[in-house]
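Undergrad: Got a structure for you, written out below as structure tokens; questions coming shortly.
The values are calculated or read from the model by the stated rules, or taken from the named source; none is laboratory data. These numbers come from a predicted model, not from an experiment. Here Cβ is always computed from backbone atoms with ideal geometry, including for glycine, and neighbour counts include all displayed protein chains. Ligands, DNA and RNA are excluded from the accessible area calculation, which covers all protein heavy atoms including side chains. Shrake-Rupley method; radii C 1.70, N 1.55, O 1.52, S 1.80 Å.
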Amino acid sequence: MKNDPTLLRTTAARMEFQNPLVLAAGTAGFGRELSGVVDLDALGGIVTKAVSVHPRAGAPSPRVADFDGGMINAVGLANPGLDHVRDVDLPWLETNLQNARVIVNVVGDRVEDFAEVVAALADVARVDAFELNVSCPNVTAGGMEFGASDETLADLVGQVRAATTKPIFVKLSPTLSDIARTARVAIDAGGDALTLVNTMPGLIIDVETRRPVLGFGSGGVSGSALLPIGLLAVAKVRRVTRAPLVGVGGVCRGTDVIQYILAGASLVGIGTAAMRDPRAPQRILNELKDWCLAHDVERITDLKGALDWPQ
């Protein structure tokens, strides 16, 4: 059983993954950036850096800072734009990845931007699925997050659904007033799966300069402090939908992955841990396998949703 390739195999959104570990959006670039230090093809998949219709310069530096509970960042969704990703980055993935799934993260300023990016990449063979970052601001609605309005979210997911037959993952913010209700809206509108959760808004201050440590000011909090928030979101959403869930936030060790799967996740994203230590994904994968063997778990999928939670 020790070398059983089916031990960690799982399925989500009509796709089979060789294991449940994926590199979260923004932490793996477009794959090439980590190819010399991480065996990307040993993972279940990677979620690419955000892709927008036009190139984005992003937020002013500094963009990233550590603190005791994790990391805070304000990258500003910087990316080279749709044309460059389609012509340069995705062909590299086509050549260099055989086993890991490729999920393209999509952002936009307007609802229509999401559908435009997806439509342009829908026929690219190496793109297995799309992840919609609906936590970014809608410039046509005063900067309110796309996911904060049920009507806007349903419209956005519906337009993307019309643009592709490939699986759609909808990534939700932990700040939503009722994340379970929003999750149902996303699935009812045509989404196949949900990614829970995005970073938590926060602020770190340099006491010497009395200014924020980030050039933008506030930023998104990630790292170990986000683990309980992500777990609660997954557990709540699992109660209202059977759609596949991707648990993201605070994963640093194999038992963190087990927690997300027990809460109801099919896949688990690794972010900050991999940025701090590129060897972390392989270590976590080994810890996950060892835990399953030590606890006589024959298939990782047997643990999904097995949380004993009387609430």
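Undergrad: Sort through Ala183, Ala243, Ala163 and tell me the only one that's under 30 Å from Ala122 (Cβ atoms), more than 16 Å from the chain's Cα centre (by Cα) and not basic (Lys, Arg).
TA: Values: Ala183 fails: more than 16 Å from the chain's Cα centre (by Cα); Ala243 fails: more than 16 Å from the chain's Cα centre (by Cα).
Of Ala183, Ala243, Ala163, the one residue that is under 30 Å from Ala122 (Cβ atoms), more than 16 Å from the chain's Cα centre (by Cα) and not basic (Lys, Arg) is Ala163.
Undergrad: Turning to a different aspect of this structure: Tell me, which strands (runs of 3 or more DSSP E) wholly within segment 1-80 include 1 or more residues that are open to solvent by 30 Å² or more (accessible area, probe 1.4 Å)? Give the derivation first.
TA: Values: elements: 10-12, 15-17, 21-23, 45-47, 64-67, 70-73.
Ranges flagged: 10-12, 15-17, 64-67, 70-73.
Undergrad: Suppose we filter Arg253, Arg238 for residues that are in contact with an Asp or Glu (Cβ under 7 Å, 6 or more places away or on another chain) and either more than 25 Å from Thr182 (Cα to Cα) or in contact (Cβ under 8 Å) with a residue 12 or more places away in the chain (or both); which single one remains?
TA: Of the residues listed, the single one that is in contact with an Asp or Glu (Cβ under 7 Å, 6 or more places away or on another chain) and either more than 25 Å from Thr182 (Cα to Cα) or in contact (Cβ under 8 Å) with a residue 12 or more places away in the chain (or both) is Arg253.
Undergrad: Just to be sure, is Asp206 over 14 Å from the mean Cα position of the chain (by Cα), open to solvent by less than 30 Å² (accessible area, probe 1.4 Å), of a type in the set (Asp, Glu) and more than 25 Å from Glu151 (Cα to Cα)? Steps first, answer last, please.
TA: Numbers: over 14 Å from the mean Cα position of the chain (by Cα): yes; open to solvent by less than 30 Å² (accessible area, probe 1.4 Å): no; of a type in the set (Asp, Glu): yes; more than 25 Å from Glu151 (Cα to Cα): yes.
Answer is no for this residue.
Undergrad: Moving on to the next point. Would you mind telling me which numbered condition in (1) in a loop (DSSP other than H, G, I, E, B); (2) open to solvent by 10 Å² or more (accessible area, probe 1.4 Å) Met275 fails?
TA: Of everything listed in (1) in a loop (DSSP other than H, G, I, E, B); (2) open to solvent by 10 Å² or more (accessible area, probe 1.4 Å), Met275 misses just condition (1).
Undergrad: State the number of residues belonging to segment 210-259 that are under 19 Å from Cys136 (Cβ atoms), of a type in the set (Ser, Thr, Tyr) and in contact with a helix residue (DSSP H, G or I) (Cβ under 8 Å, 6 or more places away or on another chain).
TA: Total satisfying the criteria: 1.
Undergrad: Kindly indicate which of Asn138, Asn96, Asn105 is within 21 Å of Leu43 (Cα to Cα), buried (at least 16 other Cβ atoms within 10 Å of the Cβ) and touching a Ser or Thr at 6+ places or on another chain (Cβ under 7 Å).
TA: On the way: Asn138 fails: within 21 Å of Leu43 (Cα to Cα); Asn96 fails: buried (at least 16 other Cβ atoms within 10 Å of the Cβ).
From the options Asn138, Asn96, Asn105, the qualifying one is Asn105.
Residue-wise test of (1) open to solvent by 30 Å² or more (accessible area, probe 1.4 Å); (2) under 16 Å from Leu245 (Cβ atoms).
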{"position": "Glu145", "(1), (2)": "yes, no"}
{"position": "Ala148", "(1), (2)": "yes, no"}
{"position": "Val160", "(1), (2)": "no, no"}
{"position": "Phe169", "(1), (2)": "no, yes"}
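Undergrad: Against the conditions (1) touching a Cys at 6+ places or on another chain (Cβ under 6 Å); (2) among the hydrophobic types (A, V, I, L, M, F, W, C); (3) not in a helix (DSSP H, G or I), where does Ala243 fall short? Just the number, please.
TA: The number of the failed condition is (1).
Undergrad: Can you tell me which residue in segment 108-135 is surrounded by the fewest Cβ atoms within 10 Å (Cβ to Cβ), limited to those that are over 20 Å from Val22 (Cβ atoms) and touching an Asp or Glu at 6+ places or on another chain (Cβ under 8 Å)?
TA: For segment 108-135, the residue satisfying everything is Val111.
Undergrad: On the given criteria, is Gly250 touching a strand residue (DSSP E or B) at 6+ places or on another chain (Cβ under 9 Å), within 29 Å of Ser35 (Cβ to Cβ), among the small types (Gly, Ala, Ser) and assigned to a helix (DSSP H, G or I)?
TA: Numbers: touching a strand residue (DSSP E or B) at 6+ places or on another chain (Cβ under 9 Å): yes; within 29 Å of Ser35 (Cβ to Cβ): yes; among the small types (Gly, Ala, Ser): yes; assigned to a helix (DSSP H, G or I): no.
No, not satisfied.
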